[in-house]
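Report on one structure; see the data block that follows.
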Amino acid sequence: MQYNANEPIWLQVMDLITTDIVTGALAPGEKLPGGRDMAVKYSINPNTANRVYRELEDAGLVETRRGTGTYVICDARRIGELKTSLAEKAAKEFKHRMMELGLSREEIVRLLETED
């Protein structure tokens, strides 16, 4: 796995898992791999893997059940809100980048409406 050197690795892994949750690649209620297995999967330190799980739990995306592991939350409303939030963030970043390139609103819309 290649990571961006300008952003903390734990945050990049957290973003990958968050995306898997909102896209359904990780289903509600699905058990996540243990910390060591996650460390191997993402080629990260086990302490970093544990931090990712703590941060995901603090964000309300997973829950840790003592003795059984960590699971994706089963709250469809929360996952929907997160999906909307991520989409809005991506749209703002896209718009900002297009404006930096000097494109007008109309040109941006035309780009988005053009089929491949």
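The values are calculated or read from the model by the stated rules, or taken from the named source; none is laboratory data. The shown structure was predicted, so the numbers you read here are calculated from the model rather than taken from an experiment. In this analysis, Cβ positions are derived from the backbone assuming ideal geometry, glycine residues included, and neighbour counts consider all displayed protein chains.
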Count, please, the residues in the stretch 52-66 that happen to be surrounded by 15 or more Cβ atoms within 10 Å (Cβ to Cβ), charged (D, E, K, R) and outside any helix (DSSP H, G or I). 1
May I ask you to say which residue of Ala76, Ala49, Ala39 is among the hydrophobic types (A, V, I, L, M, F, W, C) and exposed (fewer than 15 other Cβ atoms within 10 Å of the Cβ)? Ala76
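In the stretch 35-52, what residues are closer than 20 Å to Val22 by Cβ and either at pLDDT 95 or above or among the hydrophobic types (A, V, I, L, M, F, W, C) (or both)? Break it down stepwise before answering.
Our first condition is that a residue be closer than 20 Å to Val22 by Cβ; within the stretch 35-52, this holds for 38, 41-42, 52.
The answer is Met38, Val52.
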